[in-house]
1. Working from Cα positions, state the angle (0 to 90°, nearest 10) between the long axis of helix 430-440 and the longest principal axis of the chain.
2. Using 7 Å Cα-to-Cβ label points, what is the H448/A6 separation (nm, one decimal)?
3. Give me the 1.4 Å probe accessible area per residue for the chain, excluding ligands and nucleic acids, in Å².
4. Please list 276-285, 374-383, 335-344 highest first by mean number of surrounding beta-carbon atoms within 10 Å per residue.
5. Starting from the 7 Å offset along Cα-to-Cβ, what nm value, one decimal, do you get for the label separation of D123 and D107?
6. With +1 on the Cβ of every Lys and Arg and -1 on the Cβ of every Asp and Glu, and nothing else charged, how large is the dipole of the range 290-374 about its Cα centre, in debye rounded to the nearest 20?
7. So how far, in whole Å, is the C-alpha centre of the range 449-476 from the one of the range 279-342?
8. Going by amide H atoms built from the backbone, whose H comes under 5 Å of the H on T477, apart from near neighbours?
Amino acid sequence: MTAVTAEAVGKAVAAGAEALFRRRRPDGAFGDDPPASVLGTAGAVAALHAADPSGGADLVHAGAAWLRRAQHDDGGWGGVVGAGTAVVPTAVAVAALALSAPSGSADAVAAGRARLATLGGVDTITDPAISLLCRQLLTMAGMTAEAGPLRRLPLEIVLFDRVRRQRLSFRTAPFVGLALMQSDMLPAGRLRRATLRRARPAAVRLLRSIHDHEGRTGALSEDPWPAALVLLGLARSGEAPDIARAVTGWLRRAVRPDGAWDAVTNLDLTRSGYAATGLIAAGYAADPRLHATRDFLHAARKTETFEVLGVPPGGWSYSNARGWPVTLESAEILSALAGLPGAGADPVLRQGLAWLAGRQDSRGSWSLWVRDTKLANDGPCPAITSQAILALHDAGHPDDHPAVARAAAWLLTRAAPDGTFENLWYRDHTSGTAVVVAALSRVGHARHDVVRRAARWLRDTQLPDGSWGPGDGTDGTVEETAWAVQGLIAVGDPDAADAVDRGVAWLVAAAGPDGAWPAARVCNYIRHHMRYPNAVITQALALRALGEYRSAAAARSGAAPGAVAR
């Protein structure tokens, strides 16, 4: 190690591991302190005002006050606390305050409308669904000039399950909520009314299926934003009052002490999967503190089909055993289980791997929720596909395993002209490029021209201080530096050694006195429009990078990597 000593790396790993273990709960899950969400809070305030104006008045009052405090001096809002002003949160916050607290929010609304205009308005929103959502909320608030034309949602798509799954995917519930909101906003002709008479009961049945699957908690994926959109639709349409009451109750239980709501309330499985893989790479696979984490992961595997998206049992969600099954978290958890002692005899690991292989798209990729989806925000995704490859590889599947070979072949066709790869759920392009480079390198493609070009892009975009950002000159982050280091280590190219050394030195220096690394907003909530930080993922990625660096150095010297026993 030339840029940083083995002793310094070892100290950073030890301190970082203990900082991560301090986030472990008695049940084995890892906790976090997420920032408050403008979208979640604005949606909850507007929905509670519509659904329960008297019973929810205290929550509406506190939430509206929080929104006014969160408004920036320029009149706009960011997606989460600490984020800069952006169009989507500004449009949603302005509409929510005008709908729920007009008398006390006149100045805030006026400043927000002015700022929205200077940002270019909702016409600048690139995601058609999010653009329509903002237009609809602004129209409901009487701001038709800002909203512009409002397009009717084709609620009848719910009558065709396969089409609806592929085109709406995980957006099914908020889509239904938005469509139900339109029932008293857009006039319908005779033919349209006849179609809606068939579609509305089917739409409500979809919501009821989700409601029943989640144990009738009203959580609706444990995310206040889509839950609020569904509640708004139910309140305005008068449908399913029992579900509306349950969602209202869940929003009351999920509110923060400061009157705001989080972006996603429960990411227990996301955090725990990353925490486990980070600690395993750092040498802590045999640490008894991970026993409870393995038990937690075992117990959280889904045993029921998720009918709304047609996903069979066997995978994991990002929240708990009743959550929505997703490929990304499932792959990370499978990598964790594969790295823990006794993996060879773990039936949960074996069954989970079979589920993962069964979720592969027909083209060889993996999507997040729905196989062969046509929704761009679901898939196919190079980064998710890479995580699936890594999970299969970590569990001992050979390079020529059909699922691995098909996925690698697909990835080799997905590079952008500059050599980069996309990542749907983390900031482009360092994250996606590095994960793809790591996955392809580990299954025998390190010398392929596609991989070499992607690795060269990583080397070329390293910042002078040794860190990486998204590749556009933006300041470096712990997360992106850790991803890049892992990717370049996997390639094993001597030309990348100096870049790896400098990246590791930057990571070691970036750790705080308590062993924790600062988290950046690299996790996508609405791609291109809203991101949030996740401190556990940050800590885990840094530990994984340093652990892999230490293991690679040990392999070069012929020494044992040296697991840490407790």
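1. Taking Cα atoms only, the helix is inclined about 50 degrees.
2. 3.5
3. Values: 20720 Å² over 566 residues.
Accessible area per residue: 37 Å².
4. On the way: 276-285: 25.7, 374-383: 21.7, 335-344: 19.0.
Per-residue Cβ counts within 10 Å, averaged per peptide and sorted highest first, yield 276-285, 374-383, 335-344.
5. 3.2
6. Details: 9 positive and 8 negative charges, 22 e Å.
Here the size comes out at about 100 debye.
7. If we compute the Cα centre of each part, the gap is 31 Å.
8. W468, G469
The values are calculated or read from the model by the stated rules, or taken from the named source; none is laboratory data. These figures come from a predicted structure and were not determined experimentally. Cβ sites come from the backbone with ideal geometry, for glycine too, and all protein chains shown count toward neighbours. The accessibility values were calculated without ligands, DNA or RNA, using every heavy atom of the protein model including side chains. Shrake-Rupley method; radii C 1.70, N 1.55, O 1.52, S 1.80 Å.
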